[in-house]
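Coordinate-derived values only; no laboratory data. Bear in mind that the values here come from a model prediction, so they are computed numbers and not experimental data. Glycine gets a Cβ as well: all are built from the backbone with ideal geometry, and neighbour counts include every protein chain shown.
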Amino acid sequence: MTALALIQTELTQMLGDKGAATGEITADTPLLNGPFDIDSLDLATLVVTLEEKTGLTPFAGGFVLFHTAGELAALFGD
Amino acid sequence: MPAILNPRFELIGSRTLGASALTPKGGVVDVAKAGTRGVIGALLAAEAGEDAWLLRDAASPPDASAGDGRVWLQTSGTTGKPKWAGYSVAHLAARIAAGKGERARWLLTYNPGAFAGVQVILSAMMGGHVLVAPAPGAPVSEMARIAASTGVTHVSGTPTFWRAFLMALGDAPLSLRSITLGGEAVDQPLLDSLKHRFPQAALRHIYATTEVGTVFSVSDGRAGFPRDWLYQPLNGLKLTLSADDTLRVENPKASGMAQNQVWDTGDVVELSGDRVLFKGRMDAMVNVGGVKVFPETVEAHLLALPFVQDVRVTPKPNPITGHVLTADIVLKPFSGEVEPKIKAHLAELPRAARPASLRFVDTLDIGATGKKLRAV
């Protein structure tokens with residue numbers, strides 16, 4: 001599974017769990033302040049899940065700026 | 001016979017030794033090698049005016065040059081280099097209540113070289129009781145086996161120890177008369193489980209700090225302590241709250257502290273009805289996206305679930321919110337598929353306090369103090 005596919009699956013699950021609207025997530029979809037109800041705690045949880053499932057820790061050295069699902073996927077190996 | 005060694009005392013370790021077989025030996029005592037017998041030798045040597053260093057972590061050797069008859073203990077050093085603190089035997093023994101009533105069979109669950117371990121050893125020595133001492137570092141499953149086969153009656157341990165002990169003991173016949181918990185905050189489900197498993201036992205939890213010693217002991221079977229103990233004289237001390245809701249001890253009489261001094265324990269409490277409950281350590285508080293959360297509070301919330309045996313909640317650095325919490329969970333046997341139930345239960349907590357990941361593990365790492373390791 002690519003990191004982007006993982007992000008799509010996890011975000012859809014997360015939005016469903018909290019009863020928020022879901023929809024198509026592409027590489028260009030902004031994560032915060034985008035079309036979906038994603039806040040910083042959701043994003044923090046998503047990062048933990050990605051770290052656990054990929055074994056990668058792209059933020060170990062500090063914060064790296066990302067806006068879209070594709071940019072986050074790139075940090076996790078895509 | 002030395003004052004701290006009652007002639008009726010008996011040590012059951014790899015073999016059984018009577019009081020007359022125990023001899024003083026001071027100097028540096030390697031606890032892992034010398035075991036409980038070595039610690040007893042060190043205590044006897046210190047009583048006779050010799051110094052003794054109970055070495056547990058060789059990375060921090062003692063400056064063995066004192067010479068006024070002290071027992072030197074090494075702190076566990078979970079958050080840094082272990083430190084040495086010297087105590088006179090008289091000071092250590094002052095906390096021990098004189099033995100009365102039937103002869104007890106104590107199980108030593110602490111490392112014999114730790115402060116709490118020395119307290120249990122001295123209690124048994126002075127009271128003329130039997131001390132059952134597993135090898136230092138023995139797993140809890142081994143302690144449960146030894147407890148059942150030797151028929152111990154008195155056990156003192158951390159809440160983390162007790163949860164694992166209950167699980168390891170299963171249905172093995174064991175009738176305890178005295179149960180003591182200390183070193184960590186006690187949760188109500190654990191007290192209830194202990195009451196259910198050992199209905200005959202006197203149950204108490206002790207609140208002590210390294211700096212002040214024992215502050216109070218609670219024996220009403222409820223977590224926390226009575227609210228009317230605050231702002232009142234209590235065992236020669238007074239408990240107050242700081243502006244941050246940490247518990248403070250005033251006027252401690254223990255040595256090393258001046259009169260009228262105020263010691264902030266760093267334990268955050270909350271008032272709940274007629275009770276004062278512990279929320280967690282101030283230094284364990286985590287900022288998750290601007291919200292202050294206590295890992296211990298989340299642990300207590302999860303421990304209320306009947307299929308959760310034990311849990312450790314730890315902070316993990318996170319690029320978005322600074323930290324998030326993660327949980328390692330030990331389930332009771334045959335719990336089945338419980339993750340959805342755990343998630344539903346966690347939804348009762350504020351979002352920042354909900355662990356971002358749940359890991360299911362067989363055991364938790366227990367530090368040399370018997371407490372959960374809390375590496376950040």
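In whole Å, how far is the Cα centre of region B:31-93 from that of region B:284-298? Spelled out, the Cα-based centre of one part sits 36 Å from the other. Helix B:140-150 and the long axis of chain B differ in direction by around 50°, with both axes built from C-alpha atoms. Summarising the amide proton neighbourhood of B:Q309: residues at separation of 5 or more, or on other chains, whose placed amide H is nearer than 5 Å comprise B:V330, B:L331, B:K332. Charge dipole (Cα centre; +1 on Lys/Arg Cβ, -1 on Asp/Glu Cβ; no other charges) of region A:3-75 amounts to roughly 100 debye. Computed packing ranks the peptides B:126-137, B:154-165 as B:154-165, B:126-137, most packed first, by mean other Cβ atoms within 10 Å. The ranking of A:L56, B:L174 from fewest to most other beta carbons within 10 Å of each one's beta carbon is A:L56, B:L174.
Here is how the number arises for chain B: DSSP H runs of 4 or more residues each give -39500 (n - 2.57), the sum is divided by the residue count, and the result at 222 nm is -7000 deg cm²/dmol.
Students often get this wrong, so check it: of A:K53/B:K81; B:K279/B:K316; B:K238/B:K316; B:K83/B:K292; A:K18/B:K372, which have C-alpha atoms separated by over 28 Å? Checking Cα-Cα distances, A:K53/B:K81; B:K238/B:K316; B:K83/B:K292; A:K18/B:K372 exceed 28 Å. Pick from B:Q119, B:Q309, B:Q261: which is most flexible by mean-square fluctuation in a GNM of chain B where alpha carbon atoms under 10 Å apart are linked? In this elastic network of chain B, the residue with the biggest mean-square fluctuation among B:Q119, B:Q309, B:Q261 is B:Q261. Counting only Cα atoms, the protein assembly as shown measures 82, 49, 46 Å along its principal axes, largest extent leading. Residues whose amide H falls under 5 Å from that of B:N318, counting only those 5 or more places apart or on a different chain, are B:H323, B:V324, with hydrogens built in the peptide plane.
Relative to the longest principal axis of the Cα atoms of chain A, helix A:3-17 runs at roughly 40 degrees. Assuming charge only on the beta carbon of Lys and Arg (+1) and of Asp and Glu (-1), the dipole of the protein assembly as shown about its Cα centre is about 1900 debye to the nearest 20. Sorting B:38-49, B:238-249 by average packing, meaning the other beta carbons within 10 Å per residue, from highest down gives B:38-49, B:238-249. Rounded to the nearest 20, the Cβ-based charge dipole of chain B about its Cα centre (Lys and Arg +1, Asp and Glu -1) stands at 440 debye.
Projecting the Cα positions of B:G289, B:F307, B:V361 onto the charge dipole of region B:281-376 (unit charges on Cβ atoms of Lys, Arg, Asp and Glu, taken about the Cα centre) puts B:G289 furthest along the positive direction. Calculated mean residue ellipticity at 222 nm for chain A: -15000 deg cm²/dmol, from DSSP H runs with n ≥ 4 weighted as -39500 (n - 2.57), summed, divided by the residue count and rounded to 500.
Would you look at the GNM of chain B, springs on alpha carbons closer than 10 Å, and say which of B:N318, B:N111, B:N251 moves the most? Per the Cα network of chain B with a 10 Å cutoff, B:N318 tops the list.
Annotation: the residues A:E24, B:E142, sorted from fewest to most other C-beta atoms within 10 Å of their own C-beta, follow the order A:E24, B:E142. Neighbour counts of C-beta atoms inside 10 Å place B:H196, B:H345 in the sequence B:H196, B:H345, starting with the fewest. In the elastic network of chain B, a GNM with C-alpha springs shorter than 10 Å, the most mobile of B:G236, B:G86, B:G280 is B:G236.
Relative to the first principal axis of the alpha-carbon coordinates of chain B, what is the inclination of helix B:115-127, with its axis defined by its Cα atoms, in degrees from 0 to 90 and to the nearest 10? Computed tilt is about 50 degrees. Translational diffusion of region A:3-75 was estimated from the Stokes-Einstein equation, with Rh taken as the Kirkwood radius over Cα pairs; at 10 °C and 1.306 mPa s the coefficient is 129 µm²/s.
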